Each structure stands twice: as structure tokens, then as C-alpha cells.
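Student: Here it is: the structure, laid out below.
Computed from the coordinates by the stated procedures, all read-outs in this text should not be read as laboratory data. This one's a predicted model, so the numbers in the text were calculated from it and none came from an experiment. A quick note on method: Cβ atoms are made from the backbone with ideal geometry, for glycine too, and the neighbour counts reach across all protein chains shown.
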Amino acid sequence: QVRLAEYGGGLVQPGGSLRLSCVASGLLPFHVYFMRWYRQAPGKERELVATISGDGGITKYADSVADRFGVWRDNTKNTVYLQIYKVKPDDAGTYFCNQFGTENWGQGTQVTVSS
């Protein structure tokens, strides 16, 4: 059974940075799977923000975050990371990781932006 668990959310000030992680279990071999990060702000649709290939060599970002987000993975730890730089109020919401092409989602981690 595949399980994805996100960590690292919390309160961050505008202009700050935050690192989220997504740990996968039951998803072997982990390195063959593309993974995605989404976010959902209150009252809004879930938005794709980043995609990463199985070996980490290919990454893609939503245009709205491409200059401030970084995604990478450590396949030895079955973990995908999302780094957010220069946090903006619009970055607030729940961040989810997803195994690309499936309905396997984590429970999400909440990011709150406030000074």
C-alpha cells in the first residue's frame, strides 16, 4: 500500500523560506516514479506547482512559482522536497505531494504566511 506523508509546513513570514518534504512508503522502486507537488489555497482549486522525474534530472514548475520554488529528491530516503524562497502571501495553503498519474496523495501540510 502506497503512503505519502508531507512535512514541514507551518507559519512563515513574507520574504522567508520554507522546506517541505514528502516521504513515500510502499512505493518501490521509488526512483522510477515522477512525483508532483500541488497546493490548494482556501476556496481555490488545487494547483500544480512542481514536477520532478524519477531520477531528479527533469523538473518543471508553474510559471507563477518558477523563480522561487525548488524541487529535488533523495531516492535513498524515498523523499521529495520542495523549497520555497521569498515567500509571498499567495503561497499560503495546503501543500500536497502526489505520485504522478495516480490518485496517491498525502494528507497535506499547511503553510501559513503572516508577519
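Student: When the dipole is taken about the Cα centre of the chain, and only Lys, Arg (+1) and Asp, Glu (-1) are charged at their Cβ, what size is it in debye, to the nearest 20?
Tutor: 140
Student: Which ³J(HN,Hα) values, rounded to whole Hz and listed in residue order, are derived for region 53-65 from phi using the Karplus coefficients 6.51, -1.76 and 1.60 in 6.51 cos²θ - 1.76 cosθ + 1.60 with θ = phi - 60°, glycine and proline given as x?
Tutor: Karplus values, whole Hz, x for Gly and Pro: 6, x, 8, x, x, 10, 9, 9, 9, 5, 4, 5, 10.
Student: Ok, one more. Once phi is turned into θ = phi - 60°, what whole-Hz ³J(HN,Hα) does the Karplus curve with 6.51, -1.76 and 1.60 give for every residue of region 76-91, x standing for Gly and Pro?
Tutor: Working through the residues one at a time gives 6, 10, 6, 10, 10, 10, 9, 9, 10, 9, 6, 4, 10, x, 5, 7 Hz.
Student: Let me ask you something else. How about LYS44: which lysines have a C-alpha closer than 29 Å to its C-alpha, ignoring those fewer than 8 places off in the same chain?
Tutor: List returned: LYS60, LYS86, LYS88.
Student: Fully extended, how many nm does the chain gain between ASP67 and GLU45 (0.36 nm per residue separation, minus their Cα-Cα distance)?
Tutor: In short, 5.7 nm is gained.
Student: How high is the FRET efficiency from SER53 to SER114, r the C-beta distance, R0 30 Å, rounded to 0.05?
Tutor: According to the calculation, E is roughly 0.30.
Student: I would also like to ask the following. When the chain is modelled as a GNM with alpha-carbon springs shorter than 10 Å, which of ALA62, ALA50, ALA24 fluctuates the most?
Tutor: ALA62
Student: Which one, THR94, THR51, THR76, has the greatest fluctuation when you compute a Gaussian network model over the chain with C-alpha springs under 10 angstrom?
Tutor: THR76
Student: Using a Gaussian network model on the chain with a 10 Å cutoff between Cα atoms, which of ASP63, ASP91, ASP55 fluctuates the most?
Tutor: Ranking ASP63, ASP91, ASP55 by mean-square fluctuation puts ASP63 first.
Student: Each residue of region 109-114 in turn: what ³J(HN,Hα) in whole Hz from Karplus with 6.51, -1.76, 1.60 and θ = phi - 60°, glycine and Pro shown as x?
Tutor: Listing the rounded values in order: 10, 8, 10, 10, 10, 7 Hz.
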